[in-house]
Amino acid sequence: MARYIFITGGVVSSLGKGLASAALGALLQARGYTVRLRKLDPYLNVDPGTMSPFEHGEVFVTDDGAETDLDLGHYERFTGVAARGTDSVSSGRIYSNVLEKERRGDYLGKTIQVIPHVTDEIKDFLRIGDDEVDFQLCEIGGTVGDIEGLPFFEAIRQFAQERPRGECIFMHLTLLPFIKASGELKTKPTQHSVKELRSIGLAPDILVCRSEGDIPAKEREKLALFCNVRPESVIAAKDLDSIYKAPLAYHAEGLDQAVLDAFGINPAPRPNLGRWEDVVDRIQNVDGDVRVAVVGKYTQLEDAYKSIAEALTHGGIANRVKVRAEWIDSEIFEREDAAPHLEGFHAILVPGGFGERGTEGKIKAAEFARTRGIPYLGICLGMQMAVIEAARNVAKIKDAASEEFAGADPRAFTPVVYHLKEWVKGNAKVTRKKTDAKGGTMRLGAYDAHLTDGSKVAEVYGETAIEERHRHRYEVDIAYRDKLEDAGLCFTGVSPDGKLPEIVEWADHPWFIGVQFHPELKSKPFAPHPLFEGFVKAAKEQSRLV
Ligand code: GLN
């Protein structure tokens, strides 16, 4: 049976609960334990798949094809454990399961209530994989006191009560605001937050307090006394200039020791932090920097391309350079010449996206990279746009376009990118219609691809059989392969049945690769994804040329 650590938040949101959970997971691994990190989100969407990246940040896709919260990305980046669909659940999913059971008659005519039916459903979720790991770390989204969070808080209270004593602990993340005028760090909001938590039956064992600086002994004792935790279980989470410093910083603060103490694990195994020391050394000791333009649509919210930003950082870690990513709204290139905006960058990345807005601008960015010999990485939509650019400007299919763009009359253009209606997953055929519901109906999750021996991409990967995560509805049409290859754009990666183009690259370009999948989802600071490692390496070479 696993031990459980429940992570809750108070005072304000966005304190970095996901990061604290991920860093703790990494520290437990460093002591030789196996971990699983999971997220329980109180919102009513069934999953984040249909939520706008502007609102909620990126959708993180797992190997098993679930569209999940971006915190699962942090978990995976810090622990290297591949996230699964059952690592994330929302109120919407819980309620929809309960209502489905009710419609089926599973409750035998009983009145369905939040307690026990909804809380039971949450507890069933918590028990999944109970015997697989040493520790399950479960983060509850939102902050204590949120109305929709209540069933989750109640469920974890019941869950801890039903388990053998000492097998569940609670960690609460709060904020210690610093009042400049009086020069004081204030503990009152944390006291109130813990009071709120205790009023619903939960008592924290560990307090993690975000603060600008150290917590003086006086405030630490006050927090311990008023919040009923041990002084050594008050952990300062100071602001850091890199999230990858979090595991070592939390270790220095004694977080993992406090957690093991709370479980009564004594003596605790010694940690091996070599992996994180190496990552921090590579971040701190760099040899120059490179500028990368990320030309996309969701440029106002940093979290919308979270995994891409992180994967670029990992590419920097691999090459010992600092990557300066600048987000540029592709729509600008529909009004203005792209050149003055893109000159001076050492590489261009066009990420994934949905809908027509800004796509002509992305095509311009691909054209700029191709004609100027600038390293280019096109991801999903970024690959599709590079193919359309090649079709229009080199293969002379003047009206090449994608079927995705609504209102487009199929007779009025050549669909080099078409709506995928049938494909193979494992040994089964999957079919889709244009009228299908939007939620969960894309080509999702891990699929294999075969790379062409001797191609640039095979050199980058160092192998010819790969597996990568997908999330898209449209696909480049293999029927145009010969025409595009004659023009110089080679299809160097395809699905095992040879029907679906997975990778394209320009034969006569220093580094121009488009991929239909999302490599950024599998990159880690201690194991940078080969495509990002190669892309940043090419950017580094480019920076030495200019
Ligand atoms: N909108 C495109 C498609 O559905 C690309 C999706 C993506 O970039 N993730 O195929």
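The values are calculated or read from the model by the stated rules, or taken from the named source; none is laboratory data. Note that the coordinates shown come from a computational prediction; the quantities given were computed from them, not determined experimentally. So basically every Cβ, Gly included, is an ideal-geometry build from the backbone, and we count neighbours across all protein chains shown.
Numbers at a glance
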{"read-out": "Residue list for region 506-518, filter: surrounded by 24 or more Cβ atoms within 10 Å (Cβ to Cβ) and within 20 Å of Glu541 (Cβ to Cβ)", "value": "Phe512, Ile513, Gly514"}
{"read-out": "Count of region 342-370 residues which are in a helix (DSSP H, G or I), surrounded by fewer than 24 Cβ atoms within 10 Å (Cβ to Cβ) and more than 16 Å from the ligand (Cβ to nearest atom)", "value": "5"}
{"read-out": "Any hit, region 505-515, residues being free of Cβ contacts under 8 Å to residues at least 24 places away in the same chain, more than 16 Å from the ligand (Cβ to nearest atom) and of a type in the set (A, V, I, L, M)", "value": "yes"}
{"read-out": "Failed criterion for Thr492 (all others in (1) more than 14 Å from Val424 (Cα to Cα); (2) surrounded by fewer than 23 Cβ atoms within 10 Å (Cβ to Cβ) hold)", "value": "(2)"}
{"read-out": "Extreme residue, farthest from Met1 (Cα to Cα), among residues of region 218-272 that are within 24 Å of the chain's Cα centre (by Cα) and part of a loop (DSSP other than H, G, I, E, B)", "value": "Asp241"}
{"read-out": "Given (1) in contact with a Gly (Cβ under 7 Å, 6 or more places away or on another chain); (2) closer than 27 Å to Ala325 by Cα; (3) part of a loop (DSSP other than H, G, I, E, B), number of the condition Phe517 does not satisfy", "value": "(1)"}
{"read-out": "Residue check for Ala311: farther than 29 Å from Gly80 by Cα, at pLDDT 95 or above, crowded, with 23+ Cβ neighbours inside 10 Å and within 16 Å of the ligand (Cβ to nearest atom)", "value": "no"}
{"read-out": "Hits in region 176-225 - residues which are in contact (Cβ under 8 Å) with a residue 40 or more places away in the chain, more than 22 Å from Asp261 (Cα to Cα) and of a type in the set (A, V, I, L, M, F, W, C)", "value": "Leu176, Ile200"}
{"read-out": "Complete set of residues in region 82-99 that are assigned to a helix (DSSP H, G or I), closer than 17 Å to Pro151 by Cβ, out of contact with any Phe, Trp or Tyr (no Cβ under 8 Å at 6 or more places or on another chain) and not basic (Lys, Arg)", "value": "Tyr95, Ser96, Asn97, Val98, Leu99"}
{"read-out": "Condition broken by Ala395, with the remaining ones in (1) modelled with pLDDT under 90; (2) over 15 Å from Thr359 (Cα atoms); (3) assigned to a loop (DSSP other than H, G, I, E, B) satisfied", "value": "(1)"}
{"read-out": "So Lys425, is it more than 13 Å from the ligand (Cβ to nearest atom), basic (Lys, Arg) and closer than 15 Å to His470 by Cα", "value": "yes"}
{"read-out": "Boolean, Ile388 is touching a Pro at 6+ places or on another chain (Cβ under 8 Å), within 16 Å of the ligand (Cβ to nearest atom) and not small (Gly, Ala, Ser)", "value": "no"}
{"read-out": "Identity of the residue in region 408-465, hydroxyl-bearing (Ser, Thr, Tyr) and under 27 Å from Thr50 (Cβ atoms), that ends up surrounded by the fewest Cβ atoms within 10 Å (Cβ to Cβ)", "value": "Thr435"}
{"read-out": "Complete set of residues in region 371-385 that are within 12 Å of the ligand (Cβ to nearest atom) and not in a loop (DSSP other than H, G, I, E, B)", "value": "Gly378, Ile379, Leu381, Gly382, Met383, Gln384, Met385"}
{"read-out": "Residues located in region 450-476, provided they are in a strand (DSSP E or B), more than 16 Å from the ligand (Cβ to nearest atom) and out of contact with any helix residue (DSSP H, G or I) (no Cβ under 7 Å at 6 or more places or on another chain)", "value": "His450, Ala465, Ile466, Glu467"}
{"read-out": "Conditions (1) under 30 Å from Ile265 (Cα atoms); (2) crowded, with 17+ Cβ neighbours inside 10 Å; number of the one not met by Val98", "value": "(1)"}
